[in-house]
Amino acid sequence: MSTAPLMPKATAVWLVENTALTFDQVADFCNLHPLEVRAIADGDSAQGIKGMDPIQTGQLTREDIEAGEKDPNLRLKLADRKVRVPEQKTKRGPRYTPVSRRQDRPNAILWLIRNHPELKDSAIMRLVGTTKTTITGIRDRSHWNAAALQPLDPVTLGLCSQIDLDMEVRKAAKEKPVPPEGGGMTLLPASVTTAPAAPEEEPVAAGQKPKDDMDVSAVFAKLKQIGGKEKPEDE
């Protein structure tokens, strides 16, 4: 079967009343059953429906209808549209939250604020189905029940799916990357990591000078004292 025309029954009414096409031809073109087309012709169906001319709407040409009237085995096809009408995307409305789950929304909002601070208010509104006023009240702790709120996962509560949550988190991460914990640590340069390790210094006791700060004159005096001793005579 071919694609159905606009308003199939109204088109079938017009074809039955204004052409000599067979019931099978009309039914095939309008995606209807032949018995339904027969009922339209007998007045048992589609009563009160005004016929729509497929020639004016550009769905058929007069030549196609004349060729079909001459050949009962010919099947009519929709004419190509001269103007392509883009499909209208339905705007997604706010998420519906069951009545039994609406009292859990503040807890879910608190969980999202704490665990995903990168999410915008609009993303939280899409996930939980709440209002910006409620989100603001929970953020600044001015919500009427702020003291009793507990952060609860909205996926566990059934307020949103894990797929929707992951999608919003990825979208927010692209727009505003979250810095890593600890102040954003980075890799050390190669000059630091490949440099030879410095020798460890021995601990210096209290009141003792480091080796580098040792008195040079005291060292020479000690050496002179050791070298100045006379070797005792053998008995």
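The values are calculated or read from the model by the stated rules, or taken from the named source; none is laboratory data. Not measured: the values here are computed from a predicted model. Using ideal geometry, Cβ is built from the backbone for each residue, glycine included, and neighbour counts are taken over all protein chains shown.
For ARG139, the criteria (1) modelled with pLDDT of 90 or more; (2) surrounded by 10 or more Cβ atoms within 10 Å (Cβ to Cβ); (3) under 30 Å from VAL16 (Cα atoms) hold in every case but one, which is (3). Of the residues making up the stretch 112-148, just one is part of a helix (DSSP H, G or I) and among the acidic types (Asp, Glu), namely ASP121.
Yes or no, residue by residue, for (1) assigned by TED's automatic domain parsing to the domain that holds TRP14; (2) at pLDDT 90 or above; (3) of a type outside the set (D, E, K, R); (4) touching a Lys or Arg at 6+ places or on another chain (Cβ under 9 Å):
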{"position": "GLY58", "(1), (2), (3), (4)": "yes, no, yes, yes"}
{"position": "GLU63", "(1), (2), (3), (4)": "yes, yes, no, no"}
{"position": "LEU76", "(1), (2), (3), (4)": "no, no, yes, no"}
{"position": "LYS82", "(1), (2), (3), (4)": "no, no, no, no"}
{"position": "PRO94", "(1), (2), (3), (4)": "no, no, yes, yes"}
{"position": "GLN103", "(1), (2), (3), (4)": "no, no, yes, no"}
{"position": "TRP111", "(1), (2), (3), (4)": "no, yes, yes, no"}
{"position": "PRO117", "(1), (2), (3), (4)": "no, yes, yes, no"}
{"position": "MET125", "(1), (2), (3), (4)": "no, yes, yes, yes"}
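Taken over the stretch 28-53, the criterion of being closer than 23 Å to GLU63 by Cβ and touching an Asp or Glu at 6+ places or on another chain (Cβ under 7 Å) is satisfied by GLY51 alone. When restricted to residues that are more than 19 Å from LEU76 (Cβ to Cβ) and charged (D, E, K, R), the stretch 32-50 contains 3. For the stretch 26-45, check the following and say yes or no: at least one residue is part of a loop (DSSP other than H, G, I, E, B), surrounded by fewer than 10 Cβ atoms within 10 Å (Cβ to Cβ), under 49 Å from the mean Cα position of the chain (by Cα) and at pLDDT below 90. Looking through the stretch 26-45, none of the residues is part of a loop (DSSP other than H, G, I, E, B), surrounded by fewer than 10 Cβ atoms within 10 Å (Cβ to Cβ), under 49 Å from the mean Cα position of the chain (by Cα) and at pLDDT below 90. Checking LEU74 against (1) assigned to a loop (DSSP other than H, G, I, E, B); (2) among the hydrophobic types (A, V, I, L, M, F, W, C); (3) surrounded by 17 or more Cβ atoms within 10 Å (Cβ to Cβ): exactly one of these is not met. Which one? With (1) assigned to a loop (DSSP other than H, G, I, E, B); (2) among the hydrophobic types (A, V, I, L, M, F, W, C); (3) surrounded by 17 or more Cβ atoms within 10 Å (Cβ to Cβ) applied to LEU74, the lone miss is (3).
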